[in-house]
1. Across the stretch 83-104, what is the number of residues that are modelled with pLDDT of 80 or more and part of a loop (DSSP other than H, G, I, E, B)?
2. For residues in the stretch 25-55 being open to solvent by 40 Å² or more (accessible area, probe 1.4 Å) and under 16 Å from residue 97 (Cα atoms), which is nearest to the chain's Cα centre (by Cα)?
3. Output the residues belonging to the stretch 10-19 that are assigned to a helix (DSSP H, G or I), surrounded by fewer than 13 Cβ atoms within 10 Å (Cβ to Cβ) and modelled with pLDDT of 80 or more.
4. Residues of the stretch 56-73 being more than 11 Å from the chain's Cα centre (by Cα), part of a loop (DSSP other than H, G, I, E, B) and of a type in the set (Gly, Ala, Ser), which ones?
Amino acid sequence: MVDLAGSENVKRSGASGQQVKEAGHINTSLVTLGTVISKLVEGAEHVPYRDSKLTRLLSSSLGGNARTAVVVTMSPSGRCVPETRRSLQFALRAMRVVNKARVNEVADRAA
């Protein structure tokens, strides 16, 4: 299970210093994850898993024989509508990834 922390809105959170730098890294990783998901949906020959540490880490969970669940947390507050909308759009893109599920079999070496 990976908590992606969501996009960080620096202006709204009032973050400063190291927090701003960390928020930038989170946002960059999420953009790269979105690109990987888009490439998987398109069925592209090359999927840029190596573009971030996050996508390298998640590569075995995103395509091929994996099943991935996306949980989106939303706020009922009207001021959170833009972030909620972006989160739902991200989840919709992730839903469009089609994997070719198959049973993993272990060969019996004792035979």
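1. Taking the stretch 83-104 first, the residues modelled with pLDDT of 80 or more are 83-96.
So of that shortlist, the ones also part of a loop (DSSP other than H, G, I, E, B) come out as 96.
Result for the stretch 83-104: 1.
2. The first filter runs over the stretch 25-55 and keeps only residues open to solvent by 40 Å² or more (accessible area, probe 1.4 Å), leaving 25, 27-28, 31, 35, 39, 41-43, 45-46, 49-51, 53.
Filter once more, keeping what is under 16 Å from residue 97 (Cα atoms): 35, 39, 41-43, 45-46, 49.
Values: 35: 9, 39: 12, 41: 13, 42: 16, 43: 17, 45: 19, 46: 17, 49: 11 Å.
Per the criteria, the residue is 35.
3. Within the stretch 10-19, the first condition is being assigned to a helix (DSSP H, G or I), and the residues that meet it are 10-13, 18-19.
From the residues that got through so far, the ones that are surrounded by fewer than 13 Cβ atoms within 10 Å (Cβ to Cβ) too are 11-13, 18.
Selection gives 18 alone.
4. 63, 64, 66
The values are calculated or read from the model by the stated rules, or taken from the named source; none is laboratory data. These numbers come from a predicted model, not from an experiment. Counting neighbours? That spans all protein chains shown, and the Cβs are built from the backbone with ideal geometry, glycine included. These area figures cover heavy atoms from the full protein model, side chains too; ligands, DNA and RNA do not enter into them. Shrake-Rupley method; radii C 1.70, N 1.55, O 1.52, S 1.80 Å.
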